[in-house]
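Down below is the structure, laid out as structure tokens.
The values are calculated or read from the model by the stated rules, or taken from the named source; none is laboratory data. The structure displayed is predicted, hence computed values, not measured ones. Cβ coordinates were reconstructed from backbone atoms using ideal geometry, including for glycine residues, and neighbour counts include every protein chain displayed.
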């Protein structure tokens, strides 16, 4: 036990060093949509909806439940989410160490440390929305570890493995490849797969198929996206082969890592792209027929990598392929195969090396791992805030249209509105019909007071996605500023049909109703807004205005006083009270 203390301490210290720059990082990209503004995470009623009506087109209810718990623990403070993801990453690293040790590696900690500090893991750990990776990985490893227990005849290990497999799938469906990994393990251990082992794998396959159907059901509710490249199945195979060698290259030499990589021209494909899969096939065949102990180990590591990478190679349509042909966060689980293979090779070298060179070799390994940790630390700095992330991405990939949109949003949040407009326009130049860029451009125009331009962009955004409640809400705001009251009311009403529990939308809807002379209806909306957000000073103030217009002065005074209790600096409420309660001489 004592001999493991220092390696364990090194893993923890290295991870803290690597991810230190990202721990205070802000919300990134879809973090706002999936966590910060996701009302299902904010209410107790939302917990049930998470399990029976997925918030997105992916069914990951265990991940959503974890985020729900986190929201109720630390709300909108990103630090807690980052710490939770780092803790899960470390848990995965230690479980990986345990599995490697059980597979016979005396120095399995090398693989755990390599995984903990490798730059390819940074995106999964530093990006809050990717907590589905850091949560599903320990569950996947626990399922595999329990299978090893069952293989040794330990009681209740088999149902425990199945239970962890279900939990892993509930966290992220890409863990669906575990049954094939277990087949590979059985072959690696004995050189064959017995009928009894195949029979034990039947429930795993049934569970995987069931979750596959569930995933297809939920994804079918979304907007299907066309393949990233033309060319059909041949292009998909070419993309898969190119992606495999891309990931292998980035694992061996993790330089110039990006959130969005440049697209690869596949029509027509180059000869290296066409030969990628055949070359890989030849390599696997040669290793299989070599009949050496080390070649079987190599096939296990490479096989794990290839099997778990199958869902992310572009053989089936994926939303992410619209942004980039590959992604660091997609390789988080498959990378274990490469890390394990590397650890196994180093373990073998350290076993065979002369005693006088042992310390020197260990020093070289430590130096290489330290270099990876420094590279990961530098990479984690890009995840501090959206401005840093998208500026870095565009420095290497100027054609990354989501990055231009993300940079524009960051500029808009920082008050650099004119620059934001330019960024959104660049995103639309690269990706015509990009609904989110039209919506963001409309917001920027609205901030500049260019209401007619904003209305045009909101219209275009809603033509592309009529179910965007936030776009309808902001469109209503623009129409309200232009005094187009009937049109503004229509947009607010449609937004409320999509998000009925939004206090903000009900508040502005009430203002439009008041300006239309429907004060009694406005009062009802303001009351609902105050019930939805009891801590809102503006909701209480709006209630006071409605009571005042209805001639209910006492009620108006009570609401203005309540507004000031909630926000003592609320100037408009102070002014209304001063008018209704003039000081006595």
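Worth a mention:
- Qualifying residue in region 266-274 (condition: modelled with pLDDT of 90 or more, out of contact with any strand residue (DSSP E or B) (no Cβ under 7 Å at 6 or more places or on another chain) and either surrounded by fewer than 21 Cβ atoms within 10 Å (Cβ to Cβ) or in the same structural domain as residue 233 (by TED's automatic domain parsing) (or both)): no
- Check on residue 341, in contact with a helix residue (DSSP H, G or I) (Cβ under 8 Å, 6 or more places away or on another chain) and closer than 30 Å to residue 14 by Cα: yes
- Listed by position, the helices (runs of 4 or more DSSP H) inside region 1-77 whose residues that are within 22 Å of residue 320 (Cβ to Cβ) and in contact (Cβ under 8 Å) with a residue 12 or more places away in the chain number at least 3 are 61-74.
- In the set (1) modelled with pLDDT of 90 or more; (2) in contact with a helix residue (DSSP H, G or I) (Cβ under 7 Å, 6 or more places away or on another chain); (3) over 20 Å from residue 412 (Cβ atoms); (4) outside the structural domain of residue 533 (by TED's automatic domain parsing), residue 482 fails one condition alone, (1).
- Qualifying residue in region 147-155 (condition: surrounded by 19 or more Cβ atoms within 10 Å (Cβ to Cβ) and either touching a helix residue (DSSP H, G or I) at 6+ places or on another chain (Cβ under 7 Å) or not in a helix (DSSP H, G or I) (or both)): yes
- Within region 411-423, the presence of at least one residue that is free of Cβ contacts under 8 Å to residues at least 12 places away in the same chain, more than 26 Å from residue 327 (Cα to Cα) and in contact with a helix residue (DSSP H, G or I) (Cβ under 7 Å, 6 or more places away or on another chain) is confirmed.
- When 204, 185 are checked against the criterion of being farther than 23 Å from residue 298 by Cβ and crowded, with 16+ Cβ neighbours inside 10 Å, 204 stands alone in meeting it.
Let's see how each residue does on (1) without any contact (Cβ under 8 Å) to a residue 24 or more places away in the chain; (2) out of contact with any strand residue (DSSP E or B) (no Cβ under 7 Å at 6 or more places or on another chain); (3) farther than 30 Å from residue 104 by Cβ:
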{"residue": "344", "(1), (2), (3)": "no, yes, no"}
{"residue": "361", "(1), (2), (3)": "yes, yes, no"}
{"residue": "367", "(1), (2), (3)": "yes, yes, no"}
{"residue": "389", "(1), (2), (3)": "no, yes, yes"}
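- Boolean, residue 101 is farther than 21 Å from residue 176 by Cα and either surrounded by 21 or more Cβ atoms within 10 Å (Cβ to Cβ) or touching a strand residue (DSSP E or B) at 6+ places or on another chain (Cβ under 7 Å) (or both): no
- Any hit, region 282-293, residues being more than 27 Å from residue 93 (Cα to Cα), in a helix (DSSP H, G or I), in the same structural domain as residue 123 (by TED's automatic domain parsing) and touching a helix residue (DSSP H, G or I) at 6+ places or on another chain (Cβ under 6 Å): yes
- There is no residue in region 386-393 that is in a helix (DSSP H, G or I) and over 21 Å from the mean Cα position of the chain (by Cα).
- Hey, residue 369 in the same structural domain as residue 100 (by TED's automatic domain parsing), under 28 Å from the mean Cα position of the chain (by Cα) and surrounded by 14 or more Cβ atoms within 10 Å (Cβ to Cβ) or not: yes
- Residue check, residue 403 within 30 Å of residue 517 (Cα to Cα) and touching a residue at least 12 places away in the same chain (Cβ under 8 Å): no
- Residue 304 being touching a residue at least 12 places away in the same chain (Cβ under 8 Å), under 26 Å from the mean Cα position of the chain (by Cα) and either outside any helix (DSSP H, G or I) or farther than 18 Å from residue 238 by Cα (or both): yes
- Selection from region 312-326 of residues that are within 18 Å of residue 245 (Cβ to Cβ) and either assigned to a loop (DSSP other than H, G, I, E, B) or modelled with pLDDT of 90 or more (or both): 312, 313, 314, 315, 324, 325, 326
- Residue among 357, 315 that is surrounded by fewer than 21 Cβ atoms within 10 Å (Cβ to Cβ), touching a residue at least 12 places away in the same chain (Cβ under 8 Å) and either over 17 Å from residue 250 (Cβ atoms) or in contact with a helix residue (DSSP H, G or I) (Cβ under 9 Å, 6 or more places away or on another chain) (or both): 315
- Set side by side, the residues 48, 75 differ, and just one is out of contact with any helix residue (DSSP H, G or I) (no Cβ under 8 Å at 6 or more places or on another chain), assigned by TED's automatic domain parsing to the domain that holds residue 366 and over 26 Å from residue 384 (Cβ atoms), which is 48.
- Matching helices (runs of 4 or more DSSP H) fully within region 395-477 where at least 3 residues are surrounded by fewer than 16 Cβ atoms within 10 Å (Cβ to Cβ): 417-430, 451-464
- Test: residue in region 244-255 that is closer than 30 Å to residue 465 by Cα and at pLDDT below 95: no
- Selected residue [surrounded by 15 or more Cβ atoms within 10 Å (Cβ to Cβ), under 20 Å from residue 123 (Cα atoms) and touching a helix residue (DSSP H, G or I) at 6+ places or on another chain (Cβ under 8 Å)] from 34, 62, 41: 34
- Of the residues in region 125-141, at least one is in the same structural domain as residue 9 (by TED's automatic domain parsing), outside any helix (DSSP H, G or I) and crowded, with 21+ Cβ neighbours inside 10 Å.
- Of all residues in region 500-511, those satisfying the criterion of being crowded, with 16+ Cβ neighbours inside 10 Å and either within 29 Å of the chain's Cα centre (by Cα) or within 12 Å of residue 546 (Cα to Cα) (or both) are 501, 502, 503, 504, 505, 507, 510, 511.
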